[in-house]
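Quick notes on the structure that follows.
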Amino acid sequence: MKERVTGFPADFLWGGAVAANQCEGAWNIDGKGPSVADHITAGSLKAPRKFTKNILDNEKYPSHEGIDFYHHYKEDIKLFAEMGFKIFRLSIAWSRIFPKGDEEQPNEKGLAYYKDVFLECKKYNIQPLVTLSHYEMPYHLCEKYGGWRNREVVDFFCRYCRVVFTEYKGLVKCWLTFNEMNTLMSRFGNVLGGGILPEDGEDLFGMRRMKEKETPEELSDRFTALHHQFVASAMAVKMAHEIDPENKVGCMISAAGVYPYTCNPDDMLEAQRAMNRSNWFCGDVCVKGKYPYFLNRYFDESQVLIRKADGDERVLAEGTVDFFSLSYYSSRCATTDESVKQRAGNMMLGAPNPYLKASEWGWIIDPKGLRYLLNEVYSRYEVPIMVVENGLGAVDQVEENGEIHDDYRIDYLRQHILQMKEAVADGVELIGYTPWGCIDLVSASTGEMKKRYGFIYVDKQDDGTGTMERRKKDSFYWYKKCIESNGEVL
Ligand code: BG6
């Protein structure tokens, strides 16, 4: 019998996470081409971000400057090292390596930049965990090819993967393929996840059209785009192993527990349906290497035709991932009762939970839901798990003396870490934790700066002002102690 573990394993990977389009800035510097994120305007909780075909002078595009990590990475990585990071999750902006996406040869300056970043991590013994695609597909691939709907994009992605796996062999050993690939299970994921462009000026998440039913053609396009990502992901996994047998590759799923709103069996079935769709479908394909049974009926009844190619089944079976990673922010309730008002939080709709509170942005806070999910994931897949995103987006106040007392963030993280510890004691093989936005960055859903997640404050404001100065928050010192004590001093 396996010895029961209490506390985090000695080699637990503590760290933090960011994504290129939300922090780097330098959107058109050193040969970088525009990504889909560079065409998304700033928004807020009330005013949705918009997609614009052209870059307009009278709009703000937060990814263009980000927090200028591009020029500040040395200073930032030094601060991560001071906190004791063992791992740093970041993404490569695909359009820095292949500016349009369909070129034969990569952009050498882009390659050199990430090499410097990885060497800087190495200097401090921080292992990079690299997401290959985090909501930043080259814009040209969306415009000319229709994004992931087009099979040719699989080849372009594989070319990009081959280049970076080869270039960074020995420097990077831990990879994630697509960030939150399951966002494509609904039209929320079309633009950032699938590169499927809406009308010029349309809101980012298709909220305006939310009440309209998607046509069978639209659904077929979306699920075909997802299928192409499954194939591309599996090919990338196989390639990574061939190029360096020490490479480990994971999938990345946006995970949220779904509870039945009441004990009415209808709500129970609805919760199961939602768990299958949002949490398990993509995970099953990536970890088990084949489509699960449970969406077949839906595909038939909704006339969804996924454009698969001969041999895809074999590709999926041969490219199963080494570990499972997830982002976790909240849980939601499911019901068939149409009189219950659904609310949006973390790009998902759900009925409210009377037992839980929400963040200022309406995201339900549920630390125990993380323990529940980790157990569910582990019993289903029995592979190592990493929590690669988690955190509280909140407004921070800089005091006159420059200090930032973010006890609300400390409390949120403490509660989640305690539940991860419980999950480890339950027997879950949890190997790492990289809280989201370890340094303040642009919010993906609203494009705001004021929705801050960091241990490190960045003086950059929504109106574009700010010195970009970095400042340690109270949570910085707290997380340092947490890492030092391997999660014992919280
Ligand atoms: C995840 C994304 O969904 O949530 C990140 O992978 C994102 O890119 C994070 O930033 C937090 O969401 P938001 O909208 O608060 O930035």
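The values are calculated or read from the model by the stated rules, or taken from the named source; none is laboratory data. Bear in mind that the values here come from a model prediction, so they are computed numbers and not experimental data. No Cβ is skipped: glycine too gets one built from the backbone with ideal geometry, and neighbour counts run over all protein chains shown. Side chains included, ligands, DNA and RNA excluded: accessible areas come from the protein's heavy atoms. Shrake-Rupley method; radii C 1.70, N 1.55, O 1.52, S 1.80 Å.
With the requirement that a residue be in contact (Cβ under 8 Å) with a residue 12 or more places away in the chain and of a type in the set (Asp, Glu), what does segment 219-249 give you? Step through it out loud before you land on a result.
Of the residues in segment 219-249, the ones in contact (Cβ under 8 Å) with a residue 12 or more places away in the chain are 219-240, 243-244, 246-249.
The answer is 221, 244, 246.
Which one is nearest to the chain's Cα centre (by Cα), of the residues in segment 331-344 that are within 16 Å of the ligand (Cβ to nearest atom) and surrounded by fewer than 22 Cβ atoms within 10 Å (Cβ to Cβ)? Quick ask: steps written out before the conclusion?
Residues of segment 331-344 that are within 16 Å of the ligand (Cβ to nearest atom), as a first pass: 331-332, 343-344.
Okay, now just the ones that are also surrounded by fewer than 22 Cβ atoms within 10 Å (Cβ to Cβ), so 343-344.
Working: 343: 21, 344: 18 Å.
Filtering segment 331-344 for residues that are within 16 Å of the ligand (Cβ to nearest atom) and surrounded by fewer than 22 Cβ atoms within 10 Å (Cβ to Cβ), the one nearest to the chain's Cα centre (by Cα) comes out as 344.
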Are any of the residues in segment 308-323 within 16 Å of the ligand (Cβ to nearest atom), modelled with pLDDT of 95 or more, under 30 Å from residue 437 (Cα atoms) and under 26 Å from the mean Cα position of the chain (by Cα)? no
Please determine whether any residue of segment 39-48 is at pLDDT below 95 and touching a helix residue (DSSP H, G or I) at 6+ places or on another chain (Cβ under 7 Å). yes
Take the conditions without any contact (Cβ under 8 Å) to a residue 40 or more places away in the chain, within 25 Å of residue 165 (Cβ to Cβ) and not charged (D, E, K, R) and apply them to residue 105. Does it pass? yes
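Just to confirm my filter: which strands (runs of 3 or more DSSP E) fall fully inside segment 394-475 and include at least 2 residues that are in contact with a Lys or Arg (Cβ under 8 Å, 6 or more places away or on another chain)? Outline the logic, then answer.
Values: elements: 430-433, 456-458, 470-472.
It comes to 456-458.
Among the listed residues 208, 187, 162, identify the single one that is open to solvent by 40 Å² or more (accessible area, probe 1.4 Å) and either touching an Asp or Glu at 6+ places or on another chain (Cβ under 9 Å) or closer than 23 Å to residue 284 by Cα (or both). I'd like the intermediate steps shown before the answer.
Working: 187 fails: open to solvent by 40 Å² or more (accessible area, probe 1.4 Å); 162 fails: either touching an Asp or Glu at 6+ places or on another chain (Cβ under 9 Å) or closer than 23 Å to residue 284 by Cα (or both).
From the options 208, 187, 162, the qualifying one is 208.
Kindly indicate whether residue 183 is more than 16 Å from the ligand (Cβ to nearest atom), polar (S, T, N, Q) and either at pLDDT below 95 or assigned to a helix (DSSP H, G or I) (or both).
When the stated conditions are applied, residue 183 does not pass them.
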For segment 360-371, does any single residue satisfy the condition of being among the acidic types (Asp, Glu), modelled with pLDDT under 95 and open to solvent by 20 Å² or more (accessible area, probe 1.4 Å)? yes
Residue 113 vs. criteria over 30 Å from residue 433 (Cα atoms), in contact with a helix residue (DSSP H, G or I) (Cβ under 9 Å, 6 or more places away or on another chain) and open to solvent by 10 Å² or more (accessible area, probe 1.4 Å): no
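Restricting segment 385-412 to residues that are within 18 Å of the chain's Cα centre (by Cα) and of a type in the set (A, V, I, L, M), which is farthest from the ligand (Cβ to nearest atom)? Don't jump to the end; show me each part of the working.
The initial filter retains those residues of segment 385-412 that are within 18 Å of the chain's Cα centre (by Cα), namely 385-393.
Among the residues that remain, those that are also of a type in the set (A, V, I, L, M) are: 385-388, 392.
On the way: 385: 17, 386: 14, 387: 12, 388: 9, 392: 9 Å.
Out of the qualifying residues, it is 385.
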Quick one: residue 287 ticks every box in (1) in contact with a helix residue (DSSP H, G or I) (Cβ under 9 Å, 6 or more places away or on another chain); (2) of a type in the set (A, V, I, L, M, F, W, C); (3) open to solvent by 100 Å² or more (accessible area, probe 1.4 Å); (4) farther than 23 Å from residue 216 by Cα bar one, so which box is it? (3)
Please find, within segment 345-368, the residue that is farthest from residue 406 (Cα to Cα) out of those that are more than 16 Å from the ligand (Cβ to nearest atom) and of a type outside the set (Phe, Trp, Tyr). 351
